1. What are the ³J(HN,Hα) couplings of region 15-27, residue after residue, when phi is run through the Karplus curve with 6.51, -1.76, 1.60 and θ = phi - 60°? Round to Hz, x for glycine and proline.
2. What is the set of long-range amide H partners of residue 138 at a cut-off below 5 Å, with H atoms built 1.01 Å from backbone N?
3. Can you sort 133, 122, 62 so the residue with the fewest Cβ neighbours within 10 Å comes first?
4. Could you work out how far the C-alpha centroid of region 102-135 sits from that of region 36-62, in angstrom?
5. Could you give each residue of region 159-174 its phi-based ³J(HN,Hα) in whole Hz, using Karplus coefficients 6.51, -1.76, 1.60 with θ = phi - 60°, and x for Gly or Pro?
6. Measure of size requested: the Rg and Dmax of region 7-50, with Cα atoms as the atom set and Å as the unit; please supply both.
7. Where does helix 64-73 land angle-wise versus the long Cα axis of the chain, in degrees 0 to 90, nearest 10?
8. Rounded, prolate or oblate: which one fits the chain, using the alpha carbon gyration tensor with axes a ≥ b ≥ c (rounded when a/c is under 1.5, else prolate when a/b beats b/c, else oblate)?
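Throughout, read-outs are computed from the coordinates displayed, never taken from laboratory work. The model shown is predicted, which means the values in this text are computed figures rather than measured ones. Cβ: placed from backbone, ideal geometry, glycine included. Neighbour counts: every protein chain shown.
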Amino acid sequence: TNGGMSQIDSWDPKPDAPENVRGEFKTIPTSVPGTFVTEHLPRLAKLADQYAIVRSVSHDDLDHGTATYYALTGRRHVLKSANPPPSPNDFPTHGSVLSRFRPTNQFPYSAVHVNGPAFVPLFAGPGQNGGFLGRDYDPLLLGNVEEKPAGLDGLSRMEQLPSVRMSSRQSLLQ
């Protein structure tokens, strides 16, 4: 799912730019002198001394699919600005690389995509899976949290399970 606030309406406002360039929202000062954000981020403005705003990231790709691929893999897609479908020859997403080279013993997946995959516009865009590492390194997808709360199918409590039996199972974790 791509999209979000424009940088001029959030982290990089241009209050002194011409009216046709700057955003429609006012700016507010942050806890860092000389740094301003949109009026709609007052709590984050107070915490600005605890995070970094990176304003130097840019690219020349005009397509959400291949731009997302670049962000998720660190590689430019061979079909720039073309909105290509995913391919087993794609470079893997960062989390898939971690799954391959730094697996965890604490959880079956080293990479989890919440609210994924990102569709651009009619299919899941490239760069969101294991790519040439193989399907074994695909991240765990938790699905669309706008449709239902994030979770894993099959891990929620079955309604017909008696509470006594559930309590017995929970006691095993103690």
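1. x, 9, 6, x, 4, 6, 10, 6, x, 7, 9, 7, 10
2. 130
3. Fewest-to-most Cβ neighbours within 10 Å comes out as 122, 62, 133.
4. Taking the Cα centre of region 36-62 as reference, the centre of region 102-135 is 26 Å away.
5. Each residue of region 159-174 in turn: 4, 7, 6, x, 5, 5, 5, 5, 4, 4, 5, 5, 5, 5, 7, 7 Hz.
6. That works out to 10.1, 32 Å for Rg and Dmax.
7. 70
8. Taking the square roots of the gyration eigenvalues as a ≥ b ≥ c, the chain is oblate.
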